[in-house]
Amino acid sequence: MDTSKISFGEMVAGVSAVALFVFMLVPWYSESGIFGAQGASRNRNAWQVFSFIDILLLLVILVAVGLVVARAADAMPELPQPPGLIIAAAGAFAVVLILFRLIIVPDGSIDVEGVDLGRKVGIFLGLIAAAGVTFGGWTAMNERASGEFSD
């Protein structure tokens, strides 16, 4: 693996994708209300709250990291579009998913009345990381002619 083949944009996208994975483990929501006989609050990360969006975000992470690793290993497959464009599109998809869940708080996991679901720092960090993947992909696409590494 030759990391000198990775452009600045690809590096940003790869690091942001890894950060998104880590931030998915940080609390995204807090449940507060009456659980059983007493009032309490519980924190929930992205893996605990989402049933399908977490899998889509994981796919975005795998695409971004996979393409960056393939570039570093000089094993870039033939793709229908430039790798930078694919990474940017995947990152934009992640941004839209996170914005959707930032605006519309999921309540499918909570079947108890009187329970509030509030946003925590993890969802904001995840949004920033997803924007970093998008920015990295866009930058990588613009760093190279037609998104490919020129020798």
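Looking at the stretch 53-97 from every direction and averaging, what is the projected area of its Cα convex hull in nm²?
Averaged projected area of the stretch 53-97's Cα convex hull equals 3.1 nm².
Show the residues, 5+ positions off or on another chain, whose built amide H is closer than 5 Å to the amide H of ARG119.
So ARG119 has HN proximity to SER30.
Pop the C-beta distance of ASN142 and ALA70 into the FRET formula with R0 = 25 Å and round what comes out to the nearest 0.05.
Calculated value: 0.80.
Quick one: GLU10, GLU78, fewest Cβ neighbours within 10 Å first, how do they rank?
So the ranking, lowest neighbour count to highest, is GLU78, GLU10.
Test of understanding: ordering ILE87, ILE104 by Cβ neighbours within 10 Å, fewest first, what list do you get? The partial results should precede the final answer.
Details: ILE87 34, ILE104 8.
Ascending Cβ contact count within 10 Å gives the list ILE104, ILE87.
Just to be sure I follow: if Rg is taken over the C-alpha atoms of the stretch 1-102 and Rh is the Kirkwood radius over the same atoms, what is Rg/Rh?
Ratio of gyration radius to Kirkwood radius: 1.14.
All of the numbers you see were taken from the coordinates with simple rules; none came from a lab. As the structure is a prediction and not an experimental result, all values here were calculated from the model. In this analysis, Cβ positions are derived from the backbone assuming ideal geometry, glycine residues included, and neighbour counts consider all displayed protein chains.
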